[in-house]
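Below you'll find the structure, written out as structure tokens, and then a few comments.
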Amino acid sequence: MRTAATKLMRGSRGQSLVEFALILPIFLVVMFMIVEFGRALFTYNILVSATRAGARQGVLQGEAAAPGAAINVADSLLAASGISLGSVNMQATVVDNFGGSGTKVLRVTADKNFDWIYKGGLTMQGKATVGKPAALPLHAETIMQGEGF
């Protein structure tokens, strides 16, 4: 009776090892994807925070100084977050007649292409291939009504 139980246990250990070996690559790919999308969301949140902070600083200034002040504050927040200023297209403009309402607003936008960590394609067995991943375009925009406009 003891040998039958021992054989059952040995077979079970081998089965667990095979199952682990089959599941581990899939698990690692899923974890990598979660981390990558987390990085993309983090970068997007920084862009939104930068446009919001820039717009808030800009509306506190006069109409002429608003775009410059907004870009300066947004750029400083991006630099503090470790995002290269050359990779972000930041614009701030005063819109005179926003939506036909006659209201003056400050519009601050930021555009960035998010680059994935993995840059190459995959070649699988047979003829199946996966191309190189394209950059993910991120766009953040904040519109605030000016106090001194």
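Key figures
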{"quantity": "Where GLN61 falls short, out of the listed (1) closer than 14 Å to MET144 by Cβ; (2) modelled with pLDDT of 90 or more", "calculated": "(2)"}
{"quantity": "Evaluation of GLY68 against (1) farther than 30 Å from ALA134 by Cα; (2) in contact with a Phe, Trp or Tyr (Cβ under 6 Å, 6 or more places away or on another chain) (one fails), failing number", "calculated": "(2)"}
{"quantity": "Any hit, the range 56-65, residues being over 23 Å from ALA135 (Cα atoms), in a helix (DSSP H, G or I) and β-branched (Val, Ile, Thr)", "calculated": "yes"}
{"quantity": "Out of LEU47, LEU136, LEU85, LEU106, sole residue that is of a type in the set (A, V, I, L, M, F, W, C) and out of contact with any helix residue (DSSP H, G or I) (no Cβ under 7 Å at 6 or more places or on another chain)", "calculated": "LEU47"}
{"quantity": "Contacts under 8 angstrom Cβ, first residue in the range 118-137 being under 30 Å from THR43 (Cα atoms), partner of a type in the set (A, V, I, L, M) and loosely packed, with under 10 Cβ neighbours inside 10 Å, 6 or more apart", "calculated": "VAL130/MET124"}
{"quantity": "Exclusive hit being touching a residue at least 40 places away in the same chain (Cβ under 8 Å), exposed (fewer than 14 other Cβ atoms within 10 Å of the Cβ) and aromatic (Phe, Trp, Tyr), set PHE42, PHE98, PHE37, PHE32", "calculated": "PHE32"}
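The values are calculated or read from the model by the stated rules, or taken from the named source; none is laboratory data. What you are looking at is a predicted structure, and each value in this text was computed from that prediction instead of being measured. Because the Cβ atoms are built from the backbone with ideal geometry, glycine has one as well, and the counts that use them run over all protein chains shown.
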